[in-house]
Structure formats: structure tokens, C-alpha cells
Amino acid sequence: MDLNLKNKIVVVSGSAGKEGSIGETIINRLADEGAIPVLLDRNARGFAYAEKLQQRGIDSLFVQTDVTDPVEIENAVLQIAAKYGRIDAVINNVGVNDGAGLDSSYEDFMNSLKLNVVSYFLLVKYALPYLKESKGNILNIGSKVALTGQGGTSGYAAAKGGVLGLTREWAVDLIQYGIRSNAIIIAESYTPAYEDWIKTLPDGETVLNKINKSIPLESRMTKTEEIADTALFIISEKSSHTTGQFVFVDGGYVHLDRALISDVN
């Protein structure tokens, strides 16, 4: 299916994770569709990612940015606007389940909010004039933790709850400009960060097997490619009348009857 994303300027935050991460997968899927991914991340590996895209003939750009710093985000957007003159979509993809729980300090809790939700606000705030011109759209990457809780991660849970609130608020706020705002909610996806966490556990394989069995559809984790493909569909014209929606790409993890799970031990 041609999603009509060719030459669209799509800004993706948190897009310089390890190969196979959600952000890295999204930028490559965008390139496959002929879109122009603009990478925002604090990790310098984004330079190599942008270079690879340029070698494919994609006029990509990486702006190394601390997304917890409002000045850096504003400057990044100005740099993007100077190069391309427009922004067609923003995908807020930053997310670190940092374990800032009730026993954490005030500073750790606030830092979790700054990274996981305030950065979303700031990127949209500064990109908004360009989104108004293009009648572009916003896609926020959310987490099931906002709805189910997890334990031991108050900062991340609060932030991801805020992400869903902002998604609906922006859908209302920006409807007058023809700007759509949606969110994807992810449950369990085997990203490099997830793999790193599993490796820290003494019984990692047992834990991984139990998690897989807890997912109703096919007893497996969601692939990052499945998340990326859904993201591209939502920001495309093929979803032109979809706004204020939470799209669950989770194999039924959040909503389906637990009776579907025969054995989680």
C-alpha cells in the first residue's frame, strides 16, 4: 500500500536507540516509504543512522538533542525548519522505564517526567507553527503501564498516563487546524533494551517464557516492525479521519480475556 508519505518531513524523537529499537525501526520504515526521517536523540549513534539513510538517497538529518532541555529542543526545531522549511509529522518516541518508584528522590521522579512526557510537550510546542502550515499530525508512543500499572515505576507510569492525556487534549486543541493527534500503546516488545534487562536476571529465560505466554495472540512479543508499520499508517493520509485515538499494538495483552492464557507459569 502506498501511504503517500514520499518526501514528508517526519521528526522522530528517541530515534537513535540500538539497532532494532522502536525508534530505529520507525526511521527505516519511513525511509522505505520515501519519507524523510529527522532524528532527534542525545545519543551520537544518530549521526551514523542519518548517514546510512543518506546513502540510500534519503535526505535525512540527525540533530543531537537532549530532549529534557527546552532550549535544545527549540534549537533543534529551528535547525529542522531552516533545512526543510516544514514539518509534516511528529512522532514522540522517547521512553525509558527508569524505575523511579515511591522510594526514589523528588529529583529522580521529576527527571523521569521531564524525559518521558515533558519532552513530548516541548517538541510539539516548538513544532506546532510548522504543523499548522502543513496540517500535519502528531503520534505519541505510549505504554500499557499508563493503564495497568507495573509497580516500582511511579515516574514512568505517571509520565505515560500524561502522554495519553496530552494525546486527547491536543486532538481537541488542534482540530481547528486540521491537525490529528493519536497514540500507540505498546505492551511487551522485545527491543534491545528489553533484551538487556532480561540478561540481568538470573532466570532470564524463564521470565521471558512466562511473559511470552501472557500475551494472548500467538504467545509472543510484539515485533518492532509491527509497531513501526502501525505508526506509519496512523500518520499517513490513509488514517485521515482518525484523531484522539489510542491504538493498541499489543497482541491483546491489555484487553483480552485472561482465560485465553492457558499457562503463565
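The values are calculated or read from the model by the stated rules, or taken from the named source; none is laboratory data. For clarity, every value in this text was computed on a predicted model and none was experimentally measured. Positions of Cβ are generated from backbone atoms using ideal geometry, with glycine treated the same way; all protein chains shown enter the neighbour counts. In case anyone asks, the SASA skips ligands and DNA or RNA and just uses the protein heavy atoms, side chains included. Shrake-Rupley method; radii C 1.70, N 1.55, O 1.52, S 1.80 Å.
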Q. Using a Förster distance of 41 Å, how high is the FRET efficiency between residue 207 and residue 19, based on the Cβ-Cβ distance and rounded to 0.05?
A. 0.95
Q) Cα axis of helix 45-55 to longest principal axis of the chain: angle in degrees, 0 to 90, nearest 10? A) 60 degrees
(Q) I'd like the Karplus ³J(HN,Hα) series for the range 126-141: coefficients 6.51, -1.76, 1.60, θ = phi - 60°, whole numbers in Hz, and an x wherever there's a Gly or Pro. (A) 7, 7, 4, x, 7, 5, 5, 5, 8, 6, x, 8, 10, 10, 9, 8
Q. Can you give the accessible area per residue of the range 147-209, in Å², using a 1.4 Å probe?
A. 48 Å²
(Q) Starting from 0.36 nm per residue, how many nanometres of slack lie between residue 135 and residue 172 once their C-alpha separation is accounted for? (A) 11.9 nm
Q.
Could you sort 197, 170 by their accessible area in this structure, using a 1.4 Å probe and putting the largest first?
A. 197, 170
Q) For the range 154-212, what number results from the quotient of the Cα radius of gyration and 2.2 N^0.38 Å? A) 1.65
Q.
Using 32 Å as the Cα-Cα cut-off, could you pick out the over-long pairs in 52/132; 135/213; 83/199; 160/213; 18/114; 199/238?
A. 135/213; 83/199; 199/238
Q | Charge sum, other residues only, whose C-beta stays under 14 Å from residue 94's C-beta, Lys/Arg counted +1 and Asp/Glu -1 | A | -3
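Per residue, how much accessible area does the range 9-109 show when a 1.4 Å probe rolls over the protein heavy atoms, in square angstrom? Present the calculation step by step, with values, prior to reporting the outcome.
Working: 4390 Å² over 101 residues.
In whole numbers, the range 9-109 has 43 Å² accessible per residue.
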Q. For residue 242 and residue 56 in one chain, what is 0.36 nm times their gap in residues minus the Cα-Cα distance, to one decimal in nm?
A. 63.8 nm
(Q) Test of understanding: given the chain, find the longest segment containing no GluC sites (Glu not before Pro) that are in a DSSP loop and have at most 11 other Cβ atoms within 10 Å. (A) 20-217
Q) Using modelled backbone amide H atoms (1.01 Å from N, in-plane), which distant-in-sequence or interchain residues come within less than 5 Å of residue 20's amide H? A) 25
Q: Would you pull out the residues with amide H under 5 Å of residue 248's amide H, same chain only if 5 or more places away, H placed 1.01 Å from N?
A: 185
Q: Multiply the residue separation of residue 6 and residue 125 by 0.36 nm, subtract the distance between their alpha-carbon atoms, and state the gained length in nm to one decimal.
A: 40.3 nm
Q. Roughly speaking, to the nearest percent, how much of the chain's 1.4 Å accessible area is carbon and sulfur?
A. 51 percent
Q: List every residue whose amide H lies under 5 Å from the amide H of residue 181, counting only residues 5 or more places away in sequence or on a different chain, with H placed 1.01 Å from N in the peptide plane.
A: 138, 244
